[in-house]
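Student: Got a structure for you, questions after.
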Amino acid sequence: MTDDQHRVLGSRFVIRTARWGVVAWSAIGVLLLLGIFFRFVVYPVRIIFPPLVLALIFVYALNPVVTWMKERGVPRILGALVTYVVLLGTLGIGLRFLIPVVADQVDSLSRTLPSLLARAQGAIVDLVERFGGEASNVAIDSQQVTDVAGRLFQVTLGILNGALILILGLILGFYLLVDAPKIRRSGITMVPARRRPEVLAVFQRIGRAIGGFFRGQLLVALFVGVASTLALFIVGLPFWAVVGMITGLFNLIPLIGPFIGGAIAAFIAFTTPLPTGEGLLHLEPGWPLAIGAALGLFIVQQIDNHIVSPNVVARTVNLHPVTVMLALLVGGTLMGLWGMLLAVPATATAKILTLHLWDTQATWPPEAPQDAPPPGPPPERVADPPAARRWLDRWRDRRQQQPAKPRG
């Protein structure tokens, strides 16, 4: 390479353009391959992914505990079994007291939901007429309101489907948790030896990011669910247990989850006809109850954002809020709720891989290796000495090592 060529190719503009070109074309190729893979491989077998995703969440959440027990002499299968028993026992005790309340509130909600929707329809019609609009454009057929109760059968089927996914996820998670070291060793053997340190370093960063995200989000969702349930009970919101559980569940989805619980609480506060007599404050339905519920959920979110999340959620997933919103939209479009749950860790994984390739592969201008041997014929191989010569050399060595005999 001449000095002029090196000066041109080594300029800052050419370097930045070349690197961005490499990254852009690589991203286009990767996205194209991912689209083909998703359409013809993932989509036909999409039924296996909900329990598998749930199993991976269990593995990332419980693997540190099982590994800690393994380091102290407990067999891995026994540690996984003890961890599962403690986790399921704790959940069982909590659900033992919560399920009757939730079941009673779900039954009450199924009976009062048509009247709540009718009241919401009347409020919307009054608001539209107040601004001079056509009330017929927003009118809801009474048959449609009645059909909402019938659709609760589909909700029941969804609950049964979720229970089946939970059971399968627990079983798959247990097997993956026990065999995690074997799976890791099998994966390492498939990587070329000269690339293993680099690949292991990248996958360790990905594992820390995904594991920290899942563990943190599960703990935060548990806190938000319990705290929201308590706050809604204090203000006297009807169906406080159901709304609190929904708020905690959707808090697994960053940025969007808290607004879903707040919207449901506001809808119930404005449409409930009479106070239920539950709770401590006994706020009146309408604006007082809506403001009280919103204030309670706001306090819970502030405690989460300033105290719980900074100390629980790992800081390894550093994504801009705009990036998170776009990832949630793409994940929800492709795979629904499961896609939204996986959007943030998938984006964090893509970011780690992209930055690694940027730092290691996207170099410009390409340089020849410094210590490359000059081209030429290979050195001639020296023939081995004959057997007699080797025997004679060994005999001389033994004679030299023997002590000399004294004279006289």
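Student: P(r) of the range 160-289 in 5 Å steps, Cα pairs, percent per bin?
Tutor: Taking all Cα pairs of the range 160-289, the binned fractions are 2, 9, 12, 14, 13, 11, 9, 8, 6, 5, 4, 3, 2, 1, 0 percent.
Student: First measure r as the distance between the Cβ atoms of LEU255 and LEU295, then evaluate 1/(1 + (r/R0)^6) with R0 = 22 Å and state the FRET efficiency to the nearest 0.05.
Tutor: With R0 = 22 Å, the Cβ-Cβ based efficiency is 0.60.
Student: Please rank MET69, MET190, MET335, MET340, fewest neighbouring Cβ atoms within 10 Å first, as an exposure proxy.
Tutor: Going from least to most buried by this count: MET190, MET69, MET335, MET340.
Student: Could you grab the relative contact order for the range 205-361? Cα pairs under 8 Å, six or more apart, rounded to a whole percent.
Tutor: 28
Student: Okay, next question. Return LEU252, LEU355 ranked ascending by Cβ neighbour count within 10 Å, so the fewest neighbours appear first.
Tutor: Final ranking by Cβ density, sparse to dense: LEU355, LEU252.
Student: Further, regarding this structure: Among LEU109, LEU32, LEU78, what is the fewest-to-most ranking by other Cβ atoms within 10 Å? Please report the intermediate quantities before stating the final value.
Tutor: Details: LEU109 16, LEU32 10, LEU78 13.
With the sparsest Cβ surroundings first, the list reads LEU32, LEU78, LEU109.
Student: For VAL14 and PHE270, calculate 0.36 nm times their separation in residues minus their Cα-Cα distance, and state this gained length in nm to one decimal.
Tutor: Length difference between fully extended and current span is 86.0 nm.
Student: Take the Cα atoms of the range 205-361, find their three principal axes, and give me the spread along each one in whole Å, biggest first.
Tutor: Projected onto its principal axes, the Cα set of the range 205-361 covers 66, 31, 19 Å.
Student: Using label points projected 7 Å from each Cα along Cα→Cβ, tell me how many nm separate ARG184 and ASP104, to one decimal.
Tutor: Taking the two extended label points, one gets 4.8 nm.
Student: Okay, moving on. How far, in nm, would the chain grow between LEU88 and ASN161 when pulled straight, counting 0.36 nm per residue and subtracting the alpha carbon separation?
Tutor: Working it through step by step, the gained length comes to 24.4 nm.
Student: Continuing with the same structure: Once you list every other residue whose beta carbon is under 11 Å from the beta carbon of ALA348, what net charge do they have if Lys and Arg are +1 and Asp and Glu are -1?
Tutor: +3
Student: What is the gain in length, in nm to one decimal, between MET325 and LEU31 on full extension, counting 0.36 nm per residue of separation less the C-alpha to C-alpha distance?
Tutor: Result: 103.9 nm gained on full extension.
No lab work stands behind these numbers, since they all come straight from the coordinates. Everything numeric in this text was worked out from a predicted model, so none of it was measured. Note that we place each Cβ from the backbone using ideal geometry, even for glycine, and neighbour counts take in every protein chain shown.
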